[in-house]
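Readers should treat all values here as calculations from the given coordinates under stated rules, not as data from a laboratory. Not measured: the values here are computed from a predicted model.
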């Protein structure tokens with residue numbers, strides 16, 4: 001019985017030693033895997049923090065973009081209004097030029113046709129021009 005107990009005890013000790021040896025080898029692999037996972041977790045936390053900062057910056061940029069778009073739309077509206085005003089101004093300038101040319105044409109026609117002016121009026125204006133005087137009487141020598 002002692003022999004059986006001794007063999008059983010040796011078998012138990014051998015099993016414990018073998019289990020300890022195998023477990024230690026597996027534990028090293030498990031510890032390496034654990035350390036690798038922990039490092040990946042740390043990197044993920046850092047990446048998450050960076051992504052959170054980028055998301056906050058993106059929200060701020062989104063607001064700025066919306067403000068810039070609003071300003072752009074207002075500027076486009078103002079530009080369209082000013083272009084319309086400029087076109088109206090150019091049309092008005094063209095009208096003034098046409099009126100000026102029309103008036104110049106009428107003056108040229110009236111200067112060529114003496115029938116329109118009375119002889120008396122023509123005499124006064126030509127005498128006043130010759131003497132350089134503003135008074136028609138002084139130009140005629142009566143005053």
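With the cut-off at 18 Å, report for segment 1-59 the share of all Cα pairs above it, as a whole percent. Value for segment 1-59 (Cα pairs over 18 Å): 65 percent. Is the C-alpha gyration tensor of segment 33-112 telling us rounded, prolate or oblate? Criteria: a/c under 1.5 is rounded; beyond that, a/b larger than b/c is prolate, otherwise oblate. Taking the square roots of the gyration eigenvalues as a ≥ b ≥ c, segment 33-112 is prolate.
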